[in-house]
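Asker: Here it is, the structure in full.
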Amino acid sequence: MYMIQHERQFVCLNPTVELLSFLSRLPDAFIGVNIGTALSDMPSPTQVVALLKAQNIRHVRLYDADRAMLNALANTGIRVTVSVPNEQLLGIGQSNATAANWVARNVIAHVPATNITAIAVGSEILTTLPNAAPVLVSALKFIHSALVASNLDGQIKVSTPQSSSIILDSFPPSQAFFNRSWDPVMVPLLKFLQSTGSYFMLNVYPYYDYMQSNGVIPLDYALFRPLPPNKEAVDANTLLHYTNVFDAIVDAAYFSMSYLNFTKIPIFVTESGWPSKGDSSEPDATLDNANTYNSNLIRHVLNNTGTPKHPGIVVSTYIYELYNEDSRPGPVSEKNWGLFDANGMPVYTLHLTGAGTLLANDTTNQTFCVAKEGADPKMLQAALDWACGPGKVDCSFLLQGQPCYEPDNVVAHSTYAFNAYFQKMAKSPGTCDFKGVATVTTSDPSHGSCIFPGSAGRNGTFPNTTSLAPSSNSSTSGCHSIYGAGSFTTSVIIGVLLMSMVCL
């Protein structure tokens with residue numbers, strides 16, 4: 001392993017019990033994806049919402065407050081973050097009345113039918129529109145005052161996304177600090193966020209950190225791939241081990257806030273992703289790397305891993321982005337951050353074992369139920385017995401001499417039985433839980449001649465199966481609540497970041 005020191009004197013900033021208690025009360029994390037407007041054939045708001053529903057996405061973020069998009073989201077239950085576009089910031093930051101009118105048109109007119117829960121004021125103002133920086137905090141305060149006047153401040157939080165480039169000397173994280181030239185803005189901004197119980201919005205792009213490091217940052221470190229202990233980065237001041245760039249940047253932001261004596265503000269990552277295609281100068285913008293990064297990022301968040309500084313404290317994250325933007329100017333990579341093309345077809349299928357039905361972006365609906373990694377073998381056996389008994393799954397394929405007998409262990413056999421029940425029940429929510437020992441995946445668990453129900457090789461049918469569904473008068477039908485829908489829970493929400501949608 002290697003340890004990194006810094007010349008500036010380190011000030012020990014230990015997390016307090018009060019801070020950890022505060023952070024532990026935060027809602028579960030969500031992951032978002034940005035929908036840009038630079039598409040030659042932009043999907044309509046109705047089509048976008050249909051995709052959100054198909055992907056079981058329950059949180060979205062809009063880059064503006066487009067009326068058609070907000071109307072399409074009405075009565076869906078999806079939690080929505082709306083945004084004040086950068087070009088409107090100066091007017092709102094200089095006029096309380098303008099801010100109140102913006103809230104009236106874009107928020108009050110849509111709630112409660114549309115579940116608006118946050119407002120992002122501008123995007124990366126300090127680095128992209130510095131002339132508006134002096135009115136940034138005023139804009140947040142004016143927007144918040146309008147919410148208070150309408151008794152919506154408890155429901156809707158106000159913040160503003162920042163680029164991670166405002167953090168200087170980001171490694172080691174313990175000695176990171178915000179660009180001091182922005183202290184006149186950052187200090188009152190952090191005071192506002194802390195006093196209103198809001199969060200610090202941060203855009204984190206390990207892809208750019210990797211590209212700009214001239215080989216110093218290993219690709220595996222940027223992609224969340226496992227590292228041997230001697231390759232992990234170690235903060236010499238805290239002895240915290242960092243296995244990925246993402247965590248290091250997030251902790252650098254936490255330490256930067258602590259350096260200004262703000263320790264009760266959680267971080268939401270408002271943008272993060274990896275491009276799937278680039279030009280000759282971007283050899284690592286590939287489908288495989290994009291899939292690896294986003295899949296690992298989602299898994300990292302779903303596991304409630306937290307960061308080395310705050311283990312177990314979730315970091316809500318929006319993935320950039322939902323759609324490729326084929327009309328966006330600039331390098332090839334700028335057009336290729338999306339998970340889907342404009343027609344809603346996946347650019348690649350995320351490997352989301354353990355992610356449940358959230359963002360299972362295989363639109364061919366190839367999702368499967370498998371035994372959860374590390375599940376108790378005794379609980380797996382009990383669930384297997386139920387599936388093959390009261391659950392009325394045809395488990396004849398697991399008998400000796402049959403295609404799915406090998407490997408002959410409880411994990412493999414329960415995976416087959418769990419998936420058979422899941423497919424039989426039409427993948428209904430809660431039918432892949434089995435008291436917490438099963439999970440949904442987009443990876444086909446079929447192997448050799450053992451073709452799982454729901455696989456393209458079997459077209460979702462159950463050969464040689466009769467009377468799969470329990471009869472209405474079955475004496476065992478009441479058992480479904482033991483291993484079925486009654487046990488379904490999900491701890492992490494995936495949201496979508498939506499850029500300026502104007503599709504009339």
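Asker: Just to check I understand the Karplus step: with θ = phi - 60° and J = 6.51 cos²θ - 1.76 cosθ + 1.60, what whole-Hz values come out for the range 94-110, glycine and proline as x?
Answerer: Working through the residues one at a time gives 10, 8, 4, 5, 5, 5, 5, 5, 5, 5, 4, 6, 9, 10, 4, 5, 10 Hz.
Asker: Rounded, prolate or oblate, given the Cα gyration tensor of the range 194-293, with a/c below 1.5 counting as rounded?
Answerer: oblate
Asker: What's the ranking of 108-120, 295-307, 278-290 by average number of surrounding C-beta atoms within 10 Å, highest first?
Answerer: With the highest mean Cβ count within 10 Å placed first, the list reads 295-307, 108-120, 278-290.
Asker: Using R₀ = 22 Å, calculate the FRET efficiency as 1/(1 + (r/R₀)^6) where r is the Cβ-Cβ separation of ARG67 and MET345; round to 0.05.
Answerer: 0.20
Asker: Over the heavy atoms of CYS432, what accessible area does a 1.4 Å probe trace out, to the nearest 10 Å²?
Answerer: Its heavy atoms expose roughly 10 Å² to the probe.
Asker: Would you please give the FRET efficiency between ASN86 and TYR405, computed as 1/(1 + (r/R0)^6) with r the Cβ-Cβ distance and R0 = 56 Å, to the nearest 0.05?
Answerer: On the way: r = 61 Å, r/R0 = 1.09.
So the FRET efficiency works out to roughly 0.35.
Asker: Now, a different point. With the cut-off at 29 Å, tell me which of the pairs LYS191/LYS277; LYS378/LYS427; LYS141/LYS264; LYS277/LYS427; LYS53/LYS231 have Cα atoms farther apart than that.
Answerer: From LYS191/LYS277; LYS378/LYS427; LYS141/LYS264; LYS277/LYS427; LYS53/LYS231, over 29 Å: LYS191/LYS277; LYS277/LYS427; LYS53/LYS231.
Asker: For the range 71-99 and the range 101-118, compute the distance between their C-alpha centroids and round to whole Å.
Answerer: 8
Asker: Scan around HIS447 for amide H atoms under 5 Å from its own, H built in the peptide plane at 1.01 Å from N, and keep only partners 5 or more places away or cross-chain.
Answerer: HN-HN under 5 Å from HIS447: PHE452.
Asker: Where Lys and Arg each count +1 and Asp and Glu each count -1, what net charge lies around ILE267 among other residues with Cβ under 12 Å from its Cβ?
Answerer: Value of the local net charge: 0.
Asker: Further, regarding this structure: Using a 1.4 angstrom probe and counting only protein chains, how large is the accessible area of TRP182 in Å², to 10?
Answerer: My reading of the accessible area for TRP182 is about 60 Å².
Asker: If the label point is 7 Å along Cα→Cβ of LYS264, which residues in the range 155-173 have backbone nitrogen under 20 Å from it?
Answerer: Inside the label zone: 155-160.
The values are calculated or read from the model by the stated rules, or taken from the named source; none is laboratory data. Just so we're clear, the structure is a prediction, and the values are computed from it rather than from any experiment. Here the Cβ is made from the backbone with ideal geometry for all residues, glycine too, and neighbour counts use every protein chain on show. Accessible surface areas use protein heavy atoms only, side chains included; no ligands, DNA or RNA. Shrake-Rupley method; radii C 1.70, N 1.55, O 1.52, S 1.80 Å.
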